[in-house]
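The next block holds one structure in the form of structure tokens; read it before the comments.
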Amino acid sequence: MPLDNDLVKRFKARFGDKIHEAWTDRKQSILVVNAASLVEISEYSRDDESFDYLVDLTAVDWPKREKRFDVVLNLYSFQKNERLRLKAYVGEGEGCLSVTGVWSTANWLEREAYDMFGIVFEGHPNLKRILLPDEWQGHPLRKDYDILTQDTAWVRENLGIESGQ
Amino acid sequence: MADTRTTGFPGVEQTVLGADEIIINMGPQHPSTHGVLRVKLRLDGERIVDSECVIGYLHRGVEKIAEHRSYQQFAPYVDRMDYVAAVSNGLGYCEAVEKLLGAEAPMRAKVVRTILTELQRISSHLLWLGTHAIDIGALTPLFYCLREREEILKIFEKYCGARLTTHAFRIGGLQYDTYDGFEAEVKRFCLDFGHRVDEYEQLLTENRIWIARTKGVGVLTAADAIDMGATGPVLRGSGVKWDIRKAMPYAAYEKYEFEIPTGKNGDTYDRYLVRMEEMRQSNRICLQAVEDIPAGPIMGKVGKVLKPPVGEVYHSIEAPKGELGYYIVSDGTTQPYRVRIRPPSFINLEALDKMIKGHLVADVVAIIGTLDIVLGEVDR
Amino acid sequence: MTALLEFLNTYMWRLIFALVIVGVLPLLAGYVVLMERKVMADMQARLGPMRVGPHGLLQPIADALKLLIKEDIIPENADKLVFWFAPVISVTAAMVAYSALAIGPFFQIAELNIGLIFIVAISSMGIFGIILGGWASNSHYSLLGALRSTAQMISYETAAGLALVGGVLLAGTLSTKQIVQAQQGGTWFVFVAPIGFFLYLVASIAETNRAPFDLPEAESELVAGYMTEYSGFRWAVYFLAEYANMIVVASIATTLFLGGWLRPFGSIAALDFLDFFPPLCFFVVAAYCFYRTPKQPEPIQSAVMALFGGLCLLLAVAMALPFVPGLADSKPGLHGAFWFLLKVFLYIYSFMWIRFTFPRFRFDQLMRLGWYFMIPLSIVNVLGLGVYKVLRQLQWNRWPAFLLTTGGTLLVAIWLVWIAQKKAGIPGSVGDMTEAEG
């Protein structure tokens, strides 16, 4: 269901066509924004729209789409008691701007998204794997990474077994 | 043990005693890192100059597994994340899927869910209290806490057959109705539990050593807490009066009266007080809820095969450790397209590096304890 | 040959006593561990060890056997000689310290006129074992534990020593035997110098690395501190040293403050029936053992229970010997040992009670307590006791002198607490710690 309330109007007035789409899904507002302007939109959301709390930052992989990743930012405003979801579409190999400067909590969340999806966050202070070992090859939450896939070379070398399955 | 060759910190190499600073690896095998957390500490004497958390030792790829299971099949997996509060995990997941389906659980199911979840919060906080106290060196509270936790686990066991990984709820409601005497048992526990909390407080709250060890340790200001994304008791300890049970009520919380305790200074002591008060408030909710559990069905209309319409939903609950969120994307099939779990422990743990800087080694364990992390949830 | 015989003739009893100490002290330490576990269990609503022997009575022996047959691991990069030697130093120091202690008027290996100084000197040698062990392990945890231990020992040894000086002042001698004799007929020194006793209690907890001052081996912080890399028998030796040390400090406190082997109210004839207490006590325990014997689940446990009952009965008979006409001479020796050990165990019980009640101090707080409170107060305490002694010599009555000096010392203590609180500001803040370390 398309969304066109005051909030979206303010966003659109400020950022124009950098706000690509807006809709609600199960009464939750979703805003698709230009990946290149993610930081300024984030700053605006935090400072002017009082979405001062980054609840979660994650990604979704749509391999068939032209820009395969959604980077999803879940925001919350203590003042308005309202949630807002920002999405930016990022293609394979493209960098996404890091929002660590806006919310410190994004640090680990972006590392996790990098770890799991291989999305490179530009401007991240310490972008390395967080849950998987540093030398691991592959990004497991991508759709083309099968559930039985593993970095066999790493497993063999470090665990001394043929397979972790 | 302590690795001196590859320190992982720029500019520091080869130090056993030659240099002023030493590096120690706390964990992943350490008595008080609450699991397989590893913290690399750079020490000047006993003071922490720098630190780095290394996590992932317990990574099981829960989010990946979710994409290969049907909605119902995945439900037991969430119990394995925060394994000391499995009921809360299950509640969050079931409600998220219900929201995605547009279904709703009947009132009776909601009330029973509320009771069990609040009991789980008490049991999780009890385990936290016991281990936190042991970290700081008070040996006795743990056993008192376990004694009461045991009562709660017995209720769980009678209700659904499991004590730890309960899988107590189903999408759409409950599988089992309450057993005979459920109300009486919960009530007996709740009436007794108020005094028990007083007993723990007697041992700790005004103990001078306890105060000295916790006051002013690991201070997190309200602004910092929000910036770091801290939730739950950690956020409330910093003075932010925010609780999802009040802000965005779920289950049957609207019906009950309870307070949100907050701290002032955002230190370990305040977080301790907040959790102690939370136990009392949970107890209060349980007492109110168990007084009248509405009659009626326990399962809503959800069908045998779940095919949520295309779309996505984010639903979060106030788990014992903080905001536990599920972001589920559906592509219209029987398996979720993506399940993202927003783990409170993971995000609270992020604040650790900031909180321990400048403190002593002894404070590190106090601060890890006060963050109340469960590594199963941090690593998923 | 004759020289040897002569030597034996002169020193036979001392050799026997020494053998008894070496043989019994480890056993006693083992049973102190059992007692600790039982006390802990009782305070924590549990049962404690119940498996080995009836009510876990054989647990210490099982533990010792287990530790003896465990694999002996020495870390690769450890300094092997020092690593091997360190625990031995600790345990030796603890045992040698016992040679000058008088358990009863007869039972003493070496009657030294500088007994107390000897004990304090020797028992503080034990710290070398800890430091060397921590150093030789080549582990950072061990090293930190050893460093903590050093600082703690230095700080609290001072306070403990000064607290002892108070008692020595009152007794006017350093010989352990004469210190006890000085309390005979009069009052125990704990009632003359309660603050001195309190100071020694706290300092001795710190000296033996017991909670809430167990920082050198703080389990939740440093894994096991200086013992981190030790396992099996070596670890057991450290453990033995720790508990033997506890017995030593408890014995010192008993000797100096609690009247050593003297019976409580020894000077009040109306309370002479207390003499019946030692045999009666053992007799009751024996009776209870026999009562429980048929109720044990296994025949072997019944047997052990009966054995324990028999042992206690034997002890009861031994304690009753002084009442047999003609053997009255044995009373001070037998009953003295009983009262002495009873007091030692009560003192150790208070250690345990404290351990299971309080959280652990942080290192800087421990140091601050030591240097800002314990040491100044112990100096004032010595002064106070000096004044008391002078006042007594000036024919003052006991009570006014006592109230004056103790009250004065108490006021100083309150003042010190006040100062410390004012200085500390918010306890534990970052700025606060910087100030405390200087």
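The values are calculated or read from the model by the stated rules, or taken from the named source; none is laboratory data. Just so it is clear, the structure is predicted and the values come from calculations on it, not from any experiment. Cβ placement follows ideal geometry from the backbone for every residue including glycine, while neighbour counts extend to all protein chains displayed. When the accessible area is computed, the model is the full protein with side chains, heavy atoms only, and any ligands, DNA or RNA have been set aside. Shrake-Rupley method; radii C 1.70, N 1.55, O 1.52, S 1.80 Å.
Averaged over A:107-120, how many beta carbons belonging to a partner chain fall within 10 Å of each residue's beta carbon?
That average works out to 2.
Which peptide among B:27-33, B:280-286 comes first, and what is the full order, when sorted by highest mean count of other Cβ atoms within 10 Å?
Those peptides, ordered most packed to least, come out B:280-286, B:27-33.
Would you compute, from DSSP H runs of 4+ residues alone, the mean residue ellipticity of the protein assembly as shown at 222 nm, taking -39500 (n - 2.57) per run and dividing by the full residue count, rounded to the nearest 500?
Calculated mean residue ellipticity at 222 nm is -16500 deg cm²/dmol.
Taking the Cα centroid of region B:143-201 and of region C:120-154, what is the distance between the two, rounded to the nearest whole Å?
That distance is 47 Å.
What accessible area, in Å² to the nearest ten, does a 1.4 Å probe give for A:Arg26?
60 Å²
Hey, any idea what % of region A:1-140's accessible area is carbon plus sulfur with a 1.4 Å probe?
That share works out to 47 percent.
Any chance you could check region A:7-37 for residues losing 10 Å² or more of accessible area when the partner protein chains are in, compared with the chain on its own (1.4 Å probe)?
A:Asp25, A:Arg26, A:Gln28
Calculate, axis by axis, the spread of Cα positions in chain C along the three principal axes, and write the results as whole Å, longest axis first.
67, 67, 57
For chain C, what % of the accessible area comes from carbon and sulfur atoms, probe 1.4 Å?
In chain C, the share of accessible area belonging to carbon and sulfur is 74 percent.
Using modelled backbone amide H atoms (1.01 Å from N, in-plane), which distant-in-sequence or interchain residues come within less than 5 Å of B:Gly173's amide H?
HN-HN under 5 Å from B:Gly173: B:Gly300.
Rounded to whole Å, give me the distance from the Cα center of region C:317-364 to that of region C:157-219.
One Cα centre to the other: 16 Å.
Among the chymotrypsin sites (Phe, Trp or Tyr not before Pro) within region A:126-165, which fall in a DSSP loop and have no more than 12 other Cβ atoms within 10 Å of their own Cβ?
Here no loop site has a sparse enough neighbourhood.
Compute the Rg to Rh ratio over the protein assembly as shown from the alpha carbon atoms, using the Kirkwood formula for Rh, and round to two decimal places.
Reported Rg/Rh, Kirkwood definition of Rh: 1.04.
Using a 1.4 Å probe and counting only protein heavy atoms, how much accessible surface gets buried when A and B come together, both sides summed, in Å² to the nearest 100?
Roughly 3800 Å² of accessible surface disappears when A and B pair.
How long are the three semi-axes of the equivalent ellipsoid for region B:65-190, computed from the Cα gyration tensor as the root of 5 times each eigenvalue, in whole Å, largest first?
28, 18, 11
At what distance in angstrom do the alpha carbon centres of region B:62-76 and region C:227-304 lie from each other?
Region B:62-76 and region C:227-304 have Cα centres spaced 60 Å from each other.
Give the angle, between 0 and 90 degrees and rounded to the nearest 10, that separates the Cα long axis of helix B:86-101 from the longest principal axis of the Cα atoms of chain B.
Compared with the principal axis, the helix lies near 50 degrees.
Probe radius 1.4 Å, ligands and nucleic acids left out: can you give me the accessible area buried at the B-C interface, summed over both chains, in Å² to the nearest hundred?
Approximately 3500 Å², summed over both chains.
How many Cβ atoms of partner chains, on average, are near each residue of B:209-219 if near means within 10 Å of its Cβ?
That average works out to 6.
Using all C-alpha to C-alpha distances in region C:269-323, build P(r) with 10 Å bins and read off the rounded percent in each one.
With 10 Å bins starting at 0, P(r) equals 28, 40, 21, 9, 2.
Can you give the convex hull volume per residue for the Cα atoms of region B:202-270, as a whole number of Å³?
So the per-residue Cα hull volume is 98 Å³.
Show C:Phe189, C:Phe239 ordered by accessible area, largest first, where the area counts protein heavy atoms only and the probe is 1.4 Å.
Largest accessible area first, the list is C:Phe239, C:Phe189.
State log₁₀ I(q)/I(0) for region B:259-380 at q = 0.10, 0.11, 0.16, 0.18 Å⁻¹ as given by the Debye formula over alpha-carbon point scatterers of equal weight, solvent excluded.
Summing over Cα pairs of region B:259-380 leads to -0.52, -0.61, -0.99, -1.08.
Can you pull the Rg over Rh of region B:103-304, Cα-only, Kirkwood?
Reported Rg/Rh (Cα atoms, Kirkwood Rh): 1.00.
Which residues, if any, in region B:21-40 lose at least 30 square angstrom of accessible heavy-atom surface (probe 1.4 Å) when the other protein chains sit next to their chain rather than the chain being alone?
So the qualifying set is B:Ile22, B:Ile24, B:His30, B:Pro31.
For helix B:361-371, report the angle its Cα long axis makes with the longest principal axis of the Cα atoms of chain B; keep it between 0 and 90° and round to the nearest 10°.
Orientation of helix B:361-371: about 10 degrees from the principal axis.
Within a 10 angstrom radius of each residue's Cβ in B:242-255, how many Cβ atoms of other chains show up on average? Whole number is fine.
Going residue by residue through B:242-255 and averaging, the value is 1.
In angstroms, what radius of gyration and Dmax does chain B have, counting Cα atoms only?
21.3, 73
Quick check for you: with a 1.4 Å probe and neighbouring chains kept, what is the accessible area per residue of the protein assembly as shown, in Å²?
With the other protein chains kept in place, the protein assembly as shown gives 40 Å² per residue.
Work from the charge dipole of the protein assembly as shown (Cβ charges, +1 for Lys and Arg, -1 for Asp and Glu, about the Cα centre) and give the residue of C:Pro297, C:Leu169, B:Gln202 farthest towards its positive end.
Sorting the options by dipole projection puts first C:Pro297.
With all pairs of different alpha carbon atoms counted, what Kirkwood hydrodynamic radius in Å does region A:6-129 show?
One over the average 1/r among Cα pairs gives 14.5 Å for region A:6-129.
Could you work out how far helix B:268-291 tilts from the main Cα principal axis of chain B, as a 0 to 90 degree angle to the nearest 10?
For helix B:268-291, the angle is close to 10 degrees.
Determine the share of chain B's accessible area contributed by carbon and sulfur atoms, expressed in whole percent, with a 1.4 angstrom probe.
51 percent
Taking each full run of DSSP H in chain C as one helix, which ones are at least 30 Å long along their axis (Cα atoms) and have mean Kyte-Doolittle hydropathy of at least 0.5?
Span-like helices in chain C: C:2-43, C:140-171, C:232-257, C:299-320, C:331-355, C:398-424.
Using the C-alpha gyration tensor of region C:204-256, what are the square roots of 5 times its eigenvalues, in whole angstrom, with the largest one first?
Taking √(5λ) for each Cα gyration eigenvalue gives 22, 14, 5 Å.
Give me the number: length gained by fully extending C:Ile69 to C:Ala110, i.e. 0.36 nm times residue separation minus the C-alpha to C-alpha distance, one decimal in nm.
11.3 nm
From the square roots a ≥ b ≥ c of the eigenvalues of the alpha-carbon gyration tensor of region B:222-330, which class results: rounded (a/c under 1.5), prolate (a/b over b/c), or oblate?
Oblate, because a/c is 1.5 or more while a/b does not exceed b/c.
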